[in-house]
1. If I take the Cα coordinates of the stretch 50-100 and project them onto the principal axes, what are the three extents in Å, biggest first?
2. Could you give me D for the stretch 1-99, from Stokes-Einstein at 25 °C and 0.890 mPa s, where the hydrodynamic radius is the Kirkwood radius over C-alpha pairs? Units µm² s⁻¹, please.
3. Ratio of Rg to Rh for the stretch 1-52, alpha carbon only, Kirkwood?
4. Taking a spot 7 Å from the Cα of residue 201 along the direction of its beta carbon, which residues of the stretch 159-175 have an amide N less than 15 Å from it?
5. Classify the stretch 87-178 from the C-alpha gyration tensor, please: rounded if a/c falls under 1.5, else prolate or oblate depending on whether a/b exceeds b/c.
6. So what's Rg/Rh here for the stretch 139-199, counting alpha carbon atoms and using the Kirkwood radius for Rh?
7. How big, on average over all directions, is the shadow cast by the Cα convex hull of the stretch 102-149, in nm²?
8. Put a dot 7 Å past each Cα toward the Cβ at residue 167 and residue 24; how far apart are the dots in nm?
């Protein structure tokens with residue numbers, strides 16, 4: 001579904017939460033919009049202007065946000081698993097407790113972003129800018145961080161088991177209490193960190209990262225599919241039809 005300028009205005013002012021599954025909003029200007037709990041699975045938001053948007057608790061799994069501008073946006077607790085955020089601007093964006101499993105963020109700008117307690121298992125963060133980002137307690141197991149700029153970042157208590165950090169800049173990074181078991185990182189890189197107090201360093205227990213020996217792998221969410229169930233009033237985009245109710249609740 002595509003939107004005209006008038007359609008975008010009506011969309012932003014529609015009852016919340018919105019239903020934007022597979023919607024085409026590429027290049028749209030949605031600054032300051034309230035998209036709280038919006039369902040935008042597999043939506044196309046590439047190149048969209050999403051500065052200062054409220055996307056908290058939204059479902060953007062599998063969405064295309066490549067080169068989108070989300071500076072200063074509120075994305076707390078949102079679902080961004082398998083989302084494409086390559087080249088996106090996420091400077092000073094609040095992504096606390098967000099889920100970004102297998103998300104693509106190569107060359108994304110995450111300077112001063114808030115990612116405390118975010119889940120980034122197997123995320124692609126190659127050459128991403130993460131300087132001064134808050135990654136306290138974040139889960140980055142098996143994440144790709146080659147060439148990423150993590151200078152001044154707070155990674156205290158983060159889980160970096162099996163993470164690939166070759167050529168990443170760790171100058172002034174706080175790695176206190178972080179788990180780097182099996183991570184691909186050199187001693188020279190670690191020497192640049194501000195703190196390694198209480199950190200578990202690579203090879204400390206002889207393992208190669210991932211889940212600890214003898215522990216079943218953590219279950220991973222399935223790739224996003226089409227939402228099930230009828231569309232409810234107020235949960236759809238402008239122009240989308242709602243199926244009529246039936247006495248027995250539908251088939």
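Just so you know, all these numbers are worked out from the coordinates, no wet-lab data involved. Computed from a predicted structure; not experimentally measured. Note that we place each Cβ from the backbone using ideal geometry, even for glycine, and neighbour counts take in every protein chain shown.
1. The Cα atoms of the stretch 50-100 stretch 20, 20, 13 Å along their principal axes.
2. Here the translational diffusion coefficient equals 193 µm²/s.
3. Rg/Rh for the stretch 1-52 comes to 0.90.
4. 175
5. rounded
6. Using only Cα positions, Rg/Rh for the stretch 139-199 is 0.90.
7. 2.6 nm²
8. Distance between label points: 3.7 nm.
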